[in-house]
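The values are calculated or read from the model by the stated rules, or taken from the named source; none is laboratory data. Treat the numbers as computed from the prediction; the structure is a model and nothing was measured. No Cβ is skipped: glycine too gets one built from the backbone with ideal geometry, and neighbour counts run over all protein chains shown. Remember, those area values only see protein heavy atoms, side chains included, never the ligands or the DNA or RNA. Shrake-Rupley method; radii C 1.70, N 1.55, O 1.52, S 1.80 Å.
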Amino acid sequence: MMTYRVVAIPGDGVGPEVVAAARRVVDAAGEAFDFSVEWNEVEAGGVAIDAHGVAIRPEDVERCRSADAVLLGAVGGPAWSDPSAAVRPEQALFTLRGGLGLFANLRPVTVHPALVGSSPLRAELLVGVDMLIVRELTGGIYFGNRMEPDGRKPKRRAFDEMPYEEREIRRVVKMAFDIARSRRGRVTQVDKANVLATSRLWRTVTDEVAAEYPDVELGHQLVDSCAMLLVKQPAAFDVIVTENLFGDILSDEAAVLAGSLGMLPSASLGRRRATHGVFGLYEPIHGSAPDIAGRDRANPIGTILSAAMLLRTSFGRDDAAAAVEEAVSRALEDGWRTRDIANAADTDDGLVVGTTAMATAIVDRLPSHVGMPS
Ligand code: IPM
Ligand code: MG
């Protein structure tokens with residue numbers, strides 16, 4: 001039997017609950033499709049600061065590097081968010097993303113038909129929504145020089161620089177074009193080229209890459225108008241490629257289409273291959289949600305769908321990935337809801353459940369329980 005190696009990073013807040021839920025689903029998929037997963041757990045974020053004084057230890061980054069993939073829950077929380085703190089939980093994400101060369105963050109946004117009513121947008125706007133946000137993940141303002149607030153009132157100052165090099169832009173834009181070829185063949189590159197120098201470099205480099213992909217249609221869009229069109233005409237987008245901060249903001253906005261931030265998965269990839277596929281780090285796009293942590297209330301679907309991306313991309317197991325996605329769809333069709341995606345009508349029929357029961361509903365719909373898919 002094939003054995004894959006995954007590092008699980010539960011992290012903080014609801015992270016441990018959603019990672020536990022996704023692990024159950026992956027293990028059940030393994031039973032159905034005849035593979036096993038050797039799980040290794042690593043501390044990162046606030047829990048690592050408490051235990052070791054750093055957001056993630058170098059040896060733990062190495063453990064991640066030598067696995068086939070990493071599944072992460074969330075990091076951060078009020079206990080570690082003092083603005084003057086020298087170590088912050090989020091540093092674990094930047095160390096992992098930068099240290100493991102994960103320069104592209106893929107955030108697919110689709111609307112499950114059963115959840116159309118969970119979005120505040122009108123149903124007719126949601127028909128046909130199927131986009132992929134490709135966010136540059138290891139450059140820009142997240143990694144530039146910065147100066148923390150300094151000086152005395154009223155002259156305190158601070159700055160954050162947004163540097164980009166051509167090669168950082170080219171590699172992620174190429175990935176976006178490659179992916180667009182297997183989708184609807186349309187790339188929208190998003191920037192603020194009317195103001196920012198880095199954005200003008202993004203446009204130039206993207207145009208050069210586009211010349212190598214005559215079969216893919218390219219459009220440029222300013223980030224402010226893109227933010228508007230995302231809610232006005234969301235179905236018009238196929239692949240969006242953009243720099244780190246814009247991608248962070250636009251993907252939370254796009255989550256509204258899917259009904260909840262809790263629904264959306266992500267994959268962070270680089271160029272490195274692991275034994276069975278591309279090495280990657282997979283995590284839901286939501287954060288640690290400290291307000292509901294430890295109460296079995298978080299929606300595990302974003303993490304479970306991230307695990308499906310892991311199965312497909314890092315294990316090369318399309319069969320198991322598709323089965324997990326199908327099981328999620330069927331659980332939703334059958335009416336199962338966590339609170340974030342429930343509306344008044346759902347509350348009446350008793351299918352509004354917690355994290356664990358939602359994971360069980362999904363596990364129950366995997367092939368080993370319901371027969372092989374036809
Ligand atoms: C995300 C998150 C992180 C980011 C935070 C927690 C630092 O918002 O993955 O989207 O901004 O990258
Ligand atoms: Mg974010």
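Charge tally for ARG365 (other residues, Cβ to Cβ under 12 Å; Lys, Arg +1; Asp, Glu -1): -4. Relative to its Kirkwood radius, the Cα radius of gyration of segment 1-94 gives an Rg/Rh of 1.05.
Where only DSSP H runs of four or more residues are counted, the chain gives -11500 deg cm²/dmol as its mean residue ellipticity at 222 nm, each run worth -39500 (n - 2.57). Coupling constants for segment 56-62 follow from the phi torsions by the Karplus curve (6.51 cos²θ - 1.76 cosθ + 1.60, θ = phi - 60°), and in residue order they are 7, 7, x, 5, 6, 4, 5 Hz; glycine and proline get x. Normalising the Debye intensity of segment 39-162 to I(0), with uniform scatterers on Cα atoms only, and taking log10 at q = 0.14, 0.16, 0.19 Å⁻¹ returns -0.85, -0.97, -1.09. The alpha-carbon atoms of segment 198-254, seen along their principal axes, cover 31, 25, 15 angstrom, with the largest extent given first.
What is the distance in Å between the Cα centroid of segment 184-234 and that of segment 240-288? Each part's Cα centre sits 18 Å from the other's.
Taking the Cα centre of the chain as origin and assigning +1 to Lys and Arg Cβ atoms and -1 to Asp and Glu Cβ atoms, the resulting dipole is close to 900 debye. Below 9 angstrom from the Cβ of ILE141, what's the summed charge of the other residues (Lys, Arg +1; Asp, Glu -1)? Neighbour charge sum, excluding ILE141 itself: -2.
Debye-formula intensities of segment 234-374, expressed as log10 I(q)/I(0) at q = 0.16, 0.20, 0.22 Å⁻¹, are -0.97, -1.33, -1.43 (one equal scatterer per alpha-carbon, no solvent). Phi angles of segment 23-38 translate, via the Karplus equation with coefficients 6.51, -1.76, 1.60 and θ = phi - 60°, into HN-Hα couplings of 4, 4, 5, 5, 4, 5, 5, x, 4, 5, 10, 6, 9, 10, 10, 9 Hz per residue; Gly and Pro are given as x.
A 1.4 Å probe, protein heavy atoms only, puts the accessible area of ASP248 near 50 Å². Distance between the modelled labels on ARG339 and ALA236, one decimal in nanometres: 3.8 nm (7 Å Cα→Cβ projection). Accessible surface of segment 129-212, 1.4 Å probe: 48 percent of it comes from carbon and sulfur atoms.
The value given for the chain is a Kirkwood hydrodynamic radius of 21.3 Å, derived from the mean inverse Cα-Cα separation. Partner aspartates and glutamates whose Cα lies under 19 Å from the Cα of LYS174, excluding those fewer than 8 positions away in the same chain, are identified as GLU136, GLU165, GLU166, ASP191, ASP207, GLU208, GLU212, ASP215, GLU217, ASP238, GLU243. Residue separation of ASN145 and SER81 scaled by 0.36 nm, minus their Cα-Cα distance, works out to 21.0 nm of gained length. Extending 7 Å from the Cα toward the beta-carbon at both ARG200 and LEU121 defines two label points whose distance is 3.3 nm.
Applying D = kT/(6 pi eta Rh) to segment 120-258, where Rh is the Kirkwood radius over alpha-carbon pairs, T corresponds to 37 °C and eta to 0.692 mPa s, the Stokes-Einstein value obtained is 205 µm²/s.
So what is the accessible area of segment 120-258 per residue, in Å², with the probe set to 1.4 Å?
Values: 6850 Å² over 139 residues.
Value returned for segment 120-258: 49 Å² of accessible area per residue.
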